[in-house]
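Heads up: the structure comes next, in structure tokens.
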Amino acid sequence: MLDYVALGILIFAAVVLFYGIIVLHDIPYEIAVHRKHPHQDAIHAAGWVSLFTLHALWPFLWIWAMLYREDRGWGFHHGKTPAQEAEYLEQQLAELRRRLEVLEGRSPAMATTTAAAPPPAPANTQPGGEG
């Protein structure tokens, strides 16, 4: 009787392990579906290939699935066009140069301000950022 119980536990463990590995290989695909990734089918097919290569491709599939988001696409542009992003960066650079000149004392703005009044802090132009 104990032999049958042990055999049942062994079969149960093998089935759970088998299906667990299949579910594990599908995680990047589920991420891709959730993010409405344009390469969902390719990620799913590569997941099956990864299953037969002992999950060697799996970390790369995870990264591939995580790279795309529907609201921003592939990059980090936060919904801005490249021209808007370039304009924002140019404004930030001009502000930093102005602050550096004031700190080094090379700016005519330094002569007009008193020593007791520090230059005003720049306003945050990006929510949650430092710039």
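Treating r as the C-beta distance of VAL16 and ALA83 and R0 as 41 Å, the FRET efficiency rounds to 0.15. Among the protein heavy atoms of region 7-76, carbon and sulfur supply 77% of the accessible surface, probe 1.4 Å, non-protein parts ignored. Within the shell defined by Cβ-Cβ distances under 14 Å, the residues around GLN40 carry a net charge of -1, with Lys and Arg each +1 and Asp and Glu each -1.
The candidates TRP74, TRP58, arranged from most to least accessible area with a 1.4 Å probe in the full protein assembly, appear as TRP74, TRP58.
Around ASP71, what is the net charge, scoring Lys/Arg as +1 and Asp/Glu as -1 over all other residues with Cβ under 14 Å from its Cβ? Its environment carries a net charge of +4. In this Cβ point-charge picture (+1 for Lys and Arg, -1 for Asp and Glu), region 23-73 has a dipole of about 140 debye about its Cα centre.
The values are calculated or read from the model by the stated rules, or taken from the named source; none is laboratory data. Predicted model, so just to flag it, every value in this text is computed and none were measured. Virtual Cβ from ideal backbone geometry, glycine too; neighbours counted across all protein chains shown. Please note that ligands, DNA and RNA were not included when accessible areas were found on the heavy atoms of the full protein model with its side chains. Shrake-Rupley method; radii C 1.70, N 1.55, O 1.52, S 1.80 Å.
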